Structures are given as C-alpha cells and as structure tokens.
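To start, the structure itself, in structure tokens.
The values are calculated or read from the model by the stated rules, or taken from the named source; none is laboratory data. In this text, all values refer to a predicted model and were calculated from it rather than measured experimentally. Note: ideal-geometry Cβ built from the backbone for every residue, glycine included; neighbour counts use all protein chains shown. Protein only, heavy atoms only, side chains kept; ligands, DNA and RNA dropped before computing areas. Shrake-Rupley method; radii C 1.70, N 1.55, O 1.52, S 1.80 Å.
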Amino acid sequence: MSERLLLQMQQVSAYYDQIQALDTISLEVNLGEIVTLVGSNGAGKSTTLKAICGQVKTTGTISFLGKDITRLPPHQTAKLGIAHVPEGRRIFPRLTVKENLEMGAFQLKNKKEIEEQMEIVFQYFPRIKERLHQKGGTMSGGEQQMLAIGRALMSKPSILLLDEPSMGLAPIIVEQIFEIIQELNQTGMTILLVEQNAYQALTIAHRGYVIQTGKIILADQAESLLENKQVTEAYLA
Amino acid sequence: MSHIFSALPQVLVDGLTLGAIYAVVALGYTMVYGILELINFAHGEVFMTGAFIGTGLLLSMGAFGSALPAWITLILILILTALLTGLLGMGIEKLAYRPLRKAPKLIPLISAIGISFILQDLVRFLAEWKTGNYIVTGTTLFEGKLTIPFSSIIGTFQNATIKTNTLILIGITIAIMFMLDIFVNRTKWGTAMRAVAQDQETASLMSINVNKVISLTFFIGSAIGGATGFLFAQQYATIDPYIGFILGLKAFTAAVLGGIGNIRGAMFGGLLLGVLEVFAAANLSTLTSGVFGSEYKDVFAFAILILVLIFKPEGLFGKSAKEKV
Ligand SMILES: Nc1ncnc2c1ncn2[C@@H]1O[C@H](COP(=O)(O)OP(=O)(O)O)[C@@H](O)[C@H]1O
Ligand SMILES: [Mg+2]
C-alpha cells in the first residue's frame, strides 16, 4: 500500500489571519485513485487544495511522493507534478487559448514535448482545438472549465487537484466533464476532486472524505458514503 | 498661419524625437503598472541615472574611447548603461516595493517618491564630486547633421534638419520598442509576464515564479529607460539630476494616454505626446496671438493628461476584451 501512496496530509491546520479554516485534517490519495472531498459551501474544501499546493500557510505535514512539501510555494509544488485547477477556472482572460495552454506547460523545456502534450489535450477536449486563437475570456463557462483542465494537463502532472469543476455549469456540460475526469483516471491520472455536488462526485470516485467546518467528519469507500445516512441526509437531499 | 504649415516637417522630426524618448520611458511605467498596479514614480529618476551613467562612462573612457569607432563606443555604453540601470530597477523593487506588496497602495507610492529623492541627491553628489558641477555637458559621439529636402516634396514645406544623433536616437528607440513588443507577445517569458499581470495567483500554479517575473519586468523597463537616458544626453548635450522629474511625468502622461498597462498604447501615446508638445511649443504663440508662449507647452501636456483622465480614463487603447471570470 505505502508505495502507492502519492499524497498525504497529516494533522493539517490552516489559517486566514486569525480565522482557522482547516482543523487537523488528515487525508491520503493513492496512485491511480479518484478521491473526492465533499462538503457544503465554506466547509474548507478549497482551502484544503490551497494548503496542498502552498497557497495558504499551514501547520502539520503534507507530503507528496514521500517528500515533505508543507512549506513549498505554489510554483515549486507545481514543478513537482501537482496541477491545481482552481475554483472558478481562472483562465487568463486576455491570453489566447493557445497561450493559456502554453502557460500550463511553463515548466516543460522541450518544444516538441509541449506540442505532443497539446495533442493529447486536444484528444480529450476537441473543442479547444477549434478555438486556439480566441481570447480565453471570450469562451463560455463550460469551455473555460475544459480549458482549465487542459491547461493543467499541459504540465504532465502526477496529480490533478480539481476545485468544483461543475460550478455554475449546465447539467449536460457537467456530465461531459465528469466523463472526461473518469476517462483521464482510466488512463492513469490520479485525481483529487473537490465538490459540493456530492452525488456526482461520489459516483465516479473510489474513495471519499466529507468535510464540515474545517474538519473531516467521514472517510470511506465512495459506494459506502453514497449509502451512508448522514451523507444522504446532509448532502444528497 | 502658413508658417505653421511650412514648419510642419521640422515639428514632426523634433516631435518624433521627443516622443520616442517619452515612449520608451512610458513603457517602464506601463509594464510595472500592468503587473503590480503600482505607479513607479522613481522610474523618471532611473532614466536620469541612465543619462549620468552613460555620460560618465563616455567621459571616463577618454582616449581609449576616442580610439574606438564611435558606433562601437555607442553600443558598448548603451549595453553597460542598460545593464546597470536594469539592476538598479530590480534593486529598487526588491528594497522599496516588495516588502510593501500587501500594504495599501499609497504606501509604495510614498516609497517611490523617497527613492526618487535618494537618486536625485546621490547623482547630484557624485556628479559634483567628480566634475565640480551637477550640471554636466558630455561629449557628442556623432557630430553630423542632415537636411531632409521636404521642400522638394511639397513646395510650401521648409526643409527639416536632423542631427545624426537624432537619427540614431529614433532608430535605436524604435528598435527597442520593436524588440520589446516581440518579447512580450511572442516569447515564453513575455507571455508569463502578461499572465502574471492578469492573475498572479493562477500564474504561480503554472509553476511561474511570480517574483522572478516581477524582477524581470523591472529589469527590462529600467534597462531600456536608462539606455534612453544616455540617448537623451547625447541628443540634448546637457543633463542635470532633475531631468527625470518632468520627463517622467510626461512619459507617465503618455502611458495614461495609451491606456496604462497597455504596451503598444504607451508607445503610441509617447509619440503622440511628443509631436503634440513640439507642435504646441512651435505654434502656441501664433495660435493664441501671443497670449500663450511656447513656455506653456508643459501646461499643454498636462492638460492632455487631465482631459484623458476625465473623458477617457482607460486611455485611447484601454483594455477592451470583456473579462468573464
Ligand atoms: N481569503 C480568505 N480570507 C479569509 N477567510 C477565508 C478566505 N478564504 C476562505 N476563507 C474562509 O475559510 C473557510 C473555508 O473556505 P473555503 O475553503 O473556501 O470553503 P469551500 O471551498 O469549502 O467553500 C470559510 O469560512 C471561508 O469564509
Ligand atoms: Mg471552494
């Protein structure tokens, strides 16, 4: 089991000035898994992802591939292979779609490697290819989400951290995106998926955690969580 | 009135010369503003420091310098000046702005004004110490003059004279702008610079070291501003530690005119302001029947600043693409 352990958070707390947003969270993601972290608005889901990639100050230990990354800033965790698709997509609005993708590949040195990776992204998101020279900010929400995931894939990451990819999108687009997430996982990508949309997330995940006001209150196989009374009442109503 | 028309060629030549200087200095303001939303008021002083460094290098090269072909000396001095002022700009950011990055906007502005005074006084001290006077007249690398026969194109035009120095100034500043445009729009680090300007937090998720990009921005803006300072010294012969103040304000006006944060806008704004100002200096007295003389040209430039701020605060080329976030 331990050689499959990719990402581990142990007793992690996080603060915004004086306000505590995470309270001694422990969480693990194994190689090849989809793990989901579900919880309501303000529970601390985004903060958990920010803690992993170094966007907020934390106490406790976070390790990635056995290396302590607790104090690394975001540009260094990104170099190690952690690709974070932030909440609200955060496409660079005045860069073209192609430039957005190139920024995703900022750490790759080899031009050919970048082109190959772009082709792989086009296979998952054919619509991106048609819009390469359009400004990122002019695309629809669904397209921006696809571009955000594609941009993250450009760095050839070892793990994808997805923060509410379904947010504000029409159900049919959400379905497409979840299908692609599953497809990505089937080709070997490890994924940590944060969602308010608990039902859909638990349906595609292997394991899940439930977070409430900064604490993990449940951790189990995804199927079990889907049947758990506490979960169905609070999040799947 | 016909005099206004016939003198147009010379106005254009002089206006573009001044405008090219404004444009390059404006780039320094606009690039930094684009990334940090900070008006780097010390930038005019970096330009002035460049004028002194370049002139100092030229004077201290003495006999060795005069043995070299003038164009080699020119290029050597431009590169050295750019390097030194680039490092100066980077140092200013690190010392005076970075520790204040989370502070309210007014605080780094005051820090910038402090840096301006330090640079003015430091340069004044060094200049007086070395030459006995803080007003310094350098030697000219290129003495020649050229007459462009505009009168043979249109009969009513007068010919324009143009110094070799002026041609060099215009040529080099245009080359600088051209290269900067390519750098910002076509290279990986240039794109990273635009990405950081749009969303620092997300740029850092792409493994971009935001502090490094900010340093690079200051380096480039200050290097080209400083090199232009030396070209200015060559063009106008005499410099003092206070040339950066008014010139900086005007370059800032040019940046606002083109839409602060907009690189091509700053280039255009600089050229436009230069031409308008020289036109005003040449013709204000004629146009107002002697009420306003050419000494009002500065008022003219700042009146433009105020009008733009009132009627089109986003500048002539303000950011257009509506952002969807
Ligand atoms: N930048 C911030 N400054 C202060 N408090 C914040 C900040 N971001 C989030 N919080 C607080 O931290 C808690 C967790 O927020 P967040 O992780 O964004 O929740 P979620 O992603 O689950 O909706 C909330 O109480 C929120 O108000
Ligand atoms: Mg969130």
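Points worth noting:
- Lysines with Cα under 27 Å of B:LYS250, excluding same-chain neighbours fewer than 8 positions away: B:LYS94, B:LYS105, B:LYS163, B:LYS297, B:LYS312, B:LYS319
- Between 0 and 90°, nearest 10: helix A:141-153 axis offset from chain A longest Cα axis: 90 degrees
- A:ILE217 long-range amide H proximity, modeled H, under 5 Å: A:VAL210, A:ILE211, A:GLN212
- Test item: A:131-138 mean partner chain Cβ contacts at 10 Å: 2
- Comparing the full protein assembly with the isolated chain (1.4 Å probe, heavy atoms, ligands and nucleic acids excluded), the residues of the range B:194-209 losing at least 20 square angstrom of accessible area are B:ARG194, B:ALA195, B:GLN198, B:ASP199, B:GLU201, B:THR202, B:SER204, B:LEU205, B:MET206, B:SER207, B:ILE208, B:ASN209.
- Split the accessible area of the range B:1-115 by element, probe 1.4 Å, and carbon with sulfur accounts for 78%.
- Label-to-label distance for A:LYS229 and A:LEU132 is 5.7 nm, based on points extended 7 Å past Cα in the beta-carbon direction.
- Surface composition of chain A: carbon and sulfur make up 49 percent of the accessible area, probe 1.4 Å.
- Selection of chymotrypsin sites (Phe, Trp or Tyr not before Pro), the range A:1-75, meeting DSSP coil and at most 15 other Cβ within 10 Å: none
- Proximal charge balance of A:PRO165 [Cβ under 10 Å; K/R count +1, D/E count -1]: -3
- Here the Kirkwood formula, the inverse mean of 1/r across different C-alpha pairs, assigns the range B:62-112 a hydrodynamic radius of 13.4 Å.
- Reducing the range A:1-75 and the range B:184-248 to their Cα centroids gives an inter-centroid distance of 37 Å.
- Debye log10 I(q)/I(0) for chain A, one point scatterer per Cα, at q = 0.14, 0.17 Å⁻¹: -0.89, -1.30
- Label-to-label distance, nm, for residues given as B:ASP121 and B:ARG98 (7 Å Cα→Cβ offset): 2.5 nm
- Remark: accessible surface ordering of B:ASP298, B:ASP121 (largest first) is B:ASP121, B:ASP298, probe radius 1.4 Å.
- Computed [θ] at 222 nm, helices only, for chain B once each DSSP H run of length n ≥ 4 contributes -39500 (n - 2.57): -24000 deg cm²/dmol
- Local net charge near B:PHE302, Cβ-Cβ under 12 Å (Lys/Arg +1, Asp/Glu -1): 0
- Rounded to the nearest angstrom and listed largest first, the equivalent-ellipsoid semi-axes of the range A:154-237 from its Cα gyration tensor are 22, 15, 12.
- Positive minus negative residues near B:SER207 (Lys, Arg vs Asp, Glu; Cβ under 14 Å): +4
- Under DSSP loop assignment and at most 16 Cβ neighbours within 10 Å, longest GluC sites (Glu not before Pro)-free interval of chain B: B:144-313
- Gyration tensor (alpha-carbon) shape descriptor, the range A:89-157, a/c threshold 1.5: prolate
- The residues of the protein assembly as shown expose, per residue, 45 Å² of accessible area to a 1.4 Å probe.
- Helix A:111-124 vs. chain A, principal-axis angle (Cα, 0 to 90°, nearest 10): 70 degrees
- Per-residue ³J(HN,Hα) for the range B:271-278, Karplus 6.51 cos²θ - 1.76 cosθ + 1.60, θ = phi - 60°, Hz, x for Gly and Pro: 4, 4, 4, x, 5, 4, 5, 5
- Qualifying trypsin sites (Lys or Arg not before Pro) in the range A:1-72, DSSP loop, other Cβ atoms within 10 Å at most 15: A:LYS57, A:ARG71
- The calculated FRET efficiency for the pair A:GLN212 and B:ASP181, based on their C-beta separation and a Förster distance of 45 Å, comes to about 0.30.
- Over all pairs of different C-alpha atoms, the protein assembly as shown has a mean inverse distance whose reciprocal, the Kirkwood radius, equals 26.6 Å.
- FRET E, pair B:THR288, B:LEU316, Förster distance 25 Å, beta-carbon r, rounded to 0.05: 0.45
- Once C-alpha pairs closer than 8 Å and six or more residues apart are averaged by separation and normalised to the residue number of the range A:1-99, the relative contact order reads 26 percent.
- Other-chain or far-sequence residues with amide H under 5 Å of A:LEU5's (modelled H): A:LEU31
- In angstrom, the C-alpha Rg and Dmax of chain B are 20.2, 63.
- Residue-normalised convex hull volume from the C-alpha trace of the range B:1-146: 160 Å³ per residue.
- Accessible surface buried once A binds B (1.4 Å probe; total of both sides; Å²): 2500 Å²
- Percentage relative contact order, chain B, counting C-alpha pairs under 8 Å, at least six apart: 35 percent
- For the range B:142-194, trypsin sites (Lys or Arg not before Pro) are listed when DSSP marks them as loop and at most 14 other Cβ atoms sit within 10 Å of their Cβ; the list is empty.
- Geometric extent, Cα atoms of the range A:23-115 - Rg, Dmax (angstrom): 15.1, 44
- For A:SER140, solvent-accessible area (1.4 Å; no DNA, RNA or ligand), Å²: 50 Å²
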